[in-house]
Every structure is written in structure tokens, then in C-alpha cells.
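> The structure that follows is given in the form of C-alpha cells.
The values are calculated or read from the model by the stated rules, or taken from the named source; none is laboratory data. In this text the structure is predicted, and so the values were computed from the model without any measurement. No Cβ is skipped: glycine too gets one built from the backbone with ideal geometry, and neighbour counts run over all protein chains shown. Calculation scope for accessible area: heavy atoms of the full protein, side chains included, ligands and nucleic acids excluded. Shrake-Rupley method; radii C 1.70, N 1.55, O 1.52, S 1.80 Å.
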Amino acid sequence: MRKAWIVVIAAGSAGLAFVMVLVVGVYLVAGNLAAGIGGKSVGLAKGAVPAAYQALVQKWGNLCDAINPALLAAQLYQESGFNPKAQSHAAAQGIAQFIPGTWATHGLDGDGDGDRDVWDPNDAIPSAASYDCSLAKYVKDVPGDPTANMLASYNAGAYAVIKYGGVPPYKETQNYVKTIKTLSESFAAPTSRVDPSEQAAGAIAYAQKKLGTLYLWGGTGTAEQGGRFDCSGLTQAAYKSVGITLPRVANDQYNAGPHPSRDELLPGDLVFFSDDLTNSRAIRHVGIYVGGGYMIDAPRTGAVIRFDPIDTPDYFGATRVTEDGAKALPTPV
């Protein structure tokens, strides 16, 4: 197998033929997987939530029917990026970004240690789930999707949801509801095979054209940088070439879609590597899967963009990039 890939690297025409096979293969598989994800899972995708908070999110994410662990995880990620010390200019505090007035009313002593500490995830995460469920109760008689109405209440207030009989006609609120529901898909453990992205083959074709390009730390392929990339710069540019905007860094790119298992990988999936296999925020490397256990990646300073094997001890997991998933990510590009 390794000899075959060396031949591909050495011969441009062979590389082009290989990509054409991938183009056909991706779309053939797409036709065979039309069933998609199917069903909303309350399980969390491997490593999507930092290990220190996974049990809390799993437990409290099942507090009521309007939420689930993946939805709660998406809210925490959107609000703070799982940073328990986060503080906004609007005085929102902690991992769940409670403002003081809301915390005074809805903060819980989640760990039973005798205090309610907005900076302590053991209090803040249960409080976030409880607050979601309280909002859901306020709007339980409003027509429509209970989860969407709950999220709209979180953003615009329960009164607005009741007044308009559902998600109010505020662009910010409508975007918030869509963002959290879409982002939650990247935190949920798939219950069946994950649909391939239609843009996968184009992203591979872009990356294939960059084979042999010298790595540059911080490189995003600009003319000033000589068209050079680092690992996440390459994956960002590859998907930008097919109309999908990814965040700049690898650990944010991980949440751009659902997470297929190792035996479900398809060409075009992003594959990630980390020294901490329990925490997506610790991801340090990313490549584009091309099949056969190999990826195209920009490995490190002094190396060139090349094919590398993915089955290494630091393999973390994969993401099947979706346009909606990428749009939902809160991190600026």
C-alpha cells in the first residue's frame, strides 16, 4: 500500500487520476447513504465535550424533553467555548454566560457544596439546563417546536414567543435558534451512518493540487505567504474553494458537522489528532481524508504537503463538513 502511494505522490498524472476516482467514489457512496443520520440522539460524540464536563452535560442535558445533551453542549460552546472563566462586555459570566440578574434567580447549587458559584461549571452547567427547562415550561402551550420555542425564549424572552405564537420575527432570534440546533448536530453521537458532503471531492481536488508545497506555520495560502499553508490553513482553503467557510484553527473546525466513526470515513472528511483524546479543544492537527487510511495534510515546519497515514496513536476523530454546520460555528475566521 505504501509503495502505491509513493507512486501517486511522484506522478502528477497518477495523482489526478486518483482524484477522479475519489470524485466518482464520493458520489456513488452518497447515493447509497441517502438515509442519513435518522433520529435525534441524546448521546455525545466522542471528545466533543471536554472530559471534565462530559458527565455533567450528559446528565443535565436530559433534564426535560425540550433539551438533550448535544443541544446543551452546543449552547455552552456557543456561549463560552467551554471556558469557565469567560466574561463578556455585557457582564455575562462563566461557562454558561449568565448575567448577574438571571443567575440570582436561576443559579443552582449543582454540586451541593453549599454555594451557587457562576464560575463553577458544577453549578453553572446544571443551572443552564434548569433555566432552559424553565423557559420551556413558560412557553409549553405555544404552538410549534418546543425546543425552538425554548431557544427563542432564551434569546428574546418568553413574552415575545407567547406574543407571536412561536419563534418571533426577529432575525437575531431566528438565527440563534437555527445556529444552536444546527451546531448541536456536531455534538451528538450519530445513530447511523452520516451522509457525505457533496463538496468533499472538490475539497480533495484543491488539496491535491497543493501536494509538495512547503509548510508554513500560520500559513493560509496568501500570495504574501508564497501560497503556503499550515494544517488548518490548508483544510480551510480546501473547503473555501467549494463555498464552505471554516474557522481558522483545527479545534474549531472539529465542530463543522457530525462525526463519523473510523470505519465510516469517506473521502473529504476532516481527520483530527490530539495529545488529549478526551477533549476536542486540545486538537492540534487536521488533514483531509482521501481513503485507504490516508489523508492529505500539511504536517510541520520543514515538511511539505503530502499523503500521511491516519492510524496513529494520536488519532482523535473525524468531521463530515456540512455547510450549515460551518455557518453555525461561533469562532470568527
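> Of 232, 186, 134, which is the most mobile in a GNM of the chain whose springs link Cα atoms less than 10 angstrom apart?
Checking each option, the largest mean-square fluctuation is seen for 134.
> For every helix of n ≥ 4 consecutive DSSP H residues, a contribution of -39,500 (n - 2.57) applies; sum these over the chain, divide by its total residues, and give [θ] at 222 nm rounded to the nearest 500 deg cm²/dmol.
Rounded to the nearest 500, the figure is -12500 deg cm²/dmol.
> No partner Cβ under 4.7 angstrom, meaning no disulfide-compatible partner by this rule: which Cys of the chain qualify?
So, 231.
> Which entries in 240/327; 46/178; 140/181; 209/240 show an alpha-carbon gap greater than 20 Å?
46/178
> Springs between alpha-carbon pairs under 10 angstrom, Gaussian network model over the chain: which of 79, 264, 224 fluctuates most?
Among 79, 264, 224, the largest GNM mean-square fluctuation belongs to 224.
> Ok, one more. Report the dimensions of the chain along its three principal axes from the alpha-carbon atoms, largest first, rounded to Å.
Computed over the Cα atoms, the extents are 66, 38, 35 Å.
> When the chain is modelled as a GNM with alpha-carbon springs shorter than 10 Å, which of 190, 309, 126 fluctuates the most?
Of the options given, 309 has the highest mean-square fluctuation.
> I want the local charge near residue 216. Using Cβ-Cβ distances under 12 Å, sum +1 for each Lys or Arg and -1 for each Asp or Glu among the other residues.
Cβ neighbours under 12 Å give a net charge of +1.
> At a 1.4 Å probe radius, carbon and sulfur cover how many percent of the accessible area of the chain?
Summing carbon and sulfur atoms, their accessible area is 56 percent of the total for the chain.
> Something else: Tell me which aspartates and glutamates have Cα within less than 14 Å of residue 85's Cα, excluding those fewer than 8 residues away on the same chain?
Cα-Cα hits under 14 Å: 117, 120, 123.
> Are there any chymotrypsin sites (Phe, Trp or Tyr not before Pro) in the stretch 145-224 that are in a DSSP loop and have at most 12 other Cβ atoms within 10 Å? List them by number.
Counting only loop positions with at most 12 other Cβ atoms within 10 Å, the chymotrypsin sites (Phe, Trp or Tyr not before Pro) in the stretch 145-224 are 217.
> Which of the peptides 177-184, 253-260, 70-77 is most tightly packed, and how do the rest follow, going by the mean number of other Cβ atoms within 10 Å of each residue?
Output ranking for 177-184, 253-260, 70-77: 70-77, 253-260, 177-184.
> Starting from the 7 Å offset along Cα-to-Cβ, what nm value, one decimal, do you get for the label separation of residue 163 and residue 303?
5.7 nm
> Multiply the residue gap between residue 311 and residue 46 by 0.36 nm, knock off their C-alpha separation, and tell me the result in nm, one decimal place.
93.7 nm
> Return the sequence-ordered ³J(HN,Hα) values of the stretch 191-197 in whole Hz as given by the Karplus equation 6.51 cos²θ - 1.76 cosθ + 1.60 applied to θ = phi - 60°, using x for Gly and Pro.
9, 7, 4, 9, 4, x, 6
> What residues qualify as long-range amide H neighbours of residue 228, i.e. H under 5 Å apart, gap of 5 or more or another chain, H built at 1.01 Å from N?
The list, which skips near neighbours in sequence, is 221, 222.
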